[in-house]
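To start, the structure itself, in structure tokens.
Every read-out reported here was derived from the displayed coordinates using simple, explicitly stated rules and does not represent laboratory data. Everything numeric here is computed off the predicted structure, so don't read it as measured data. Glycine also receives a Cβ, built like all others from the backbone with ideal geometry; neighbour counts cover every protein chain displayed.
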Amino acid sequence: MEYIDGIIIIVGLYVILATSFNLIIGYGGLVSIAHPVFFALGAYTSAILARNFGLPVPLAMVAGMVVALVASVALVLPTLRVSGDYLLIASIGFQLGVLEIIKNVRFTGGAGGYTNIPPFLIRDFGREAYVALVLAVMVAVILLVRLVARSDYGRAMSAMRDDELAFASLGRNAMWMKLAIFGLGSGLAGLAGALYAHYFRFITPEQFEILQSSAILTMVVVGGMRTTWGPIVGALLLEALPQAITFLNLPPSILGPIQGLLFTGLVLVFMFFRPQGLVPAENVWRGGGGETR
Amino acid sequence: MAAVLEVRGLNKSFDGIVVARDIELSLQPGQVVGLIGPNGAGKTSLFNLISGVVKPDSGTVALDGARIDALKFHERVRAGLSRTWQHIRLFPSLTVLDNLLIGSTDYPGERLVNVLFAGKRVRTHNVLAREKALTILGKIGLSAAAGALVSDLPYGQQKLVGVGRALMRDGKCLLLDEPMAGVEGQSYAAMQRVVREVAAQGVAVCIVEHNVAFIQDLCDEGVFMFSGAILARGPVAELIRNPQLTELYFGH
């Protein structure tokens, strides 16, 4: 059961990561590859605050989310002033740089990882309680992103993505909107990180490498950008596939490369044959209410 | 009468190519001024400089007596300076009505908190914004197309949507960049009607346009631009009769 619980939690967390990344790259049109590092910031912040400073785990988790959010705003603020293209370049530097710092400072446990992270819920209520918590957060994140996308805010995101200059010509500030989208998406990734840390209780920098970025991107692209179900389907599929591969009893040395090839291959295949992903988005923005649909 | 728009000493050059040379331009409330000149004269560049899309090398822009040249593009729009685009630039993923609603002056429904808890204020506002948008659509004769996707409309109607969207801002000054290019028939008449009505409300309108008949019909005055400089300003009919300007316009 422990194995199954672990898989459910991993899949749930990747649904959160893919859904929040869909908000950033799909709805917001902001191209970044730094999503895993916000996942990492959430995990490390929460773990360190809970273990070293004795903060109650729920508070530490919230702090992890806030740190990821603040860090993302710090990344996006200077880059967006120049141009959207710089975000991609800056995000690569941010992803590699922050992870390098985590690897090289003492209080994060360095490259060896951070151990003995205080558990949450499991001792009192069992593993199933933690599974329920992750699934509840997952559902809440899915609903939140869906609600945002279908609200007036979502309509404005659509307009901004369509034509930023025209958006500005109506007195609208695209900068604030991008900041909010990026901050919210990254904060949710931080929350996923915190949830990861207090279940597995051991985190290492290599879990948050740039390869994770391609995995999350693949989930969104293969599943279907700008849809509610796309990232869910993508996360399920891409987390299930590697699990299935492990049953083939291949030597561990080739498992990693095979997963990498699988992700890249899938993106290429989908880009050519089904660019809209498994769940295609509609070309028209449709709100949740009113007759403007 | 105090000018709505006052442009003074505006200069701009890109790598030695002058697109604006000591531009002085003032627009009175309710005045409709046509900006004419050959391609490359700097008409659209002047719009970009006035609206803040491009920063000038020197010069000032004032709206209703207040300097706006330190403001960013979107802030100038909020101050009351609206503009349209030569290539329309609608939002293709939105319907006609939603294109207009993005131009609302206020949008409480877009605060992220209100996304979760939309109160009565948001709903009331949305109803009002919608009514306003529908009224504007009525004026430009596109009520029936409110729910259509903008990219499905004929070109002339898209141009009208572009103008209608700018009208949502209730600006004091409206810069129209080639509103008539590619527009004919009913859309042509609607465009004329809308410009007249806006001007009658006291909005200063400046139009870049190659359609001389439209300019002559509608504009109180014409401003002739050539090579980044304003060469003449006066009644449109006089500008057209001026042989020197005509030669510059049509080339040798």
Worksheet item: Taking each residue of B:103-115 in turn, how many C-beta atoms of other protein chains fall within 10 Å of its C-beta, and what is the average?
Response: 5
Worksheet item: Antiparallel as a % of all DSSP beta bridges within region B:5-250, to the nearest 5?
Response: 55 percent
Worksheet item: Per-residue mean of other chain beta-carbon atoms within 10 angstrom of the beta-carbon, peptide B:166-176?
Response: 1
Practice prompt. Please work out, to two decimal places, the log10 of the ratio I(q)/I(0) at q = 0.09, 0.10, 0.12, 0.15 Å⁻¹ from a Debye calculation in which every Cα of region B:5-250 carries one identical scatterer.
Written response: -0.40, -0.50, -0.70, -1.06
Worksheet item: Under the classification rounded if a/c is under 1.5, otherwise prolate if a/b is larger than b/c and oblate if not, where does region A:231-273 fall, given a ≥ b ≥ c as square roots of the Cα gyration tensor eigenvalues?
Response: oblate
Worksheet item: Can you pick out the pairs among B:Lys43/B:Lys172; B:Lys139/B:Lys172; B:Lys132/B:Lys172; B:Lys55/B:Lys139; B:Lys43/B:Lys72; B:Lys132/B:Lys159 whose Cα atoms lie more than 25 Å from each other?
Response: B:Lys55/B:Lys139
Worksheet item: Mind ordering B:172-178, A:262-268, B:152-158, B:49-55 by average Cβ neighbours within 10 Å, highest first?
Response: B:172-178, B:49-55, B:152-158, A:262-268
Practice prompt. May I ask you to order A:196-205, A:22-31, B:191-200 by the average number of other C-beta atoms within 10 Å around their residues, highest value first?
Written response: A:22-31, A:196-205, B:191-200
Worksheet item: Which Rg and Dmax, in Å, describe the Cα atoms of chain A?
Response: 18.9, 59
Fill in: Percent antiparallel among DSSP beta bridges (both partners in the protein assembly as shown, rounded to 5)
55 percent
Worksheet item: Peptides B:216-223, A:182-189: what's the order by average Cβ count within 10 Å, highest mean first?
Response: A:182-189, B:216-223
Item to complete: Treating the angle as unsigned and between 0 and 90°, give the value, to the nearest 10°, between the Cα long axis of helix A:210-223 and the longest Cα principal axis of chain A.
Response: 50 degrees
Response to the item:
Mean per-residue count of partner chain Cβ within 10 Å for A:273-286 equals 2
Item to complete: Excluding residues on the same chain fewer than 8 positions from B:Lys120, give the aspartates and glutamates whose Cα lies under 17 Å from its Cα.
Response: A:Asp152, B:Asp106, B:Glu110, B:Glu131
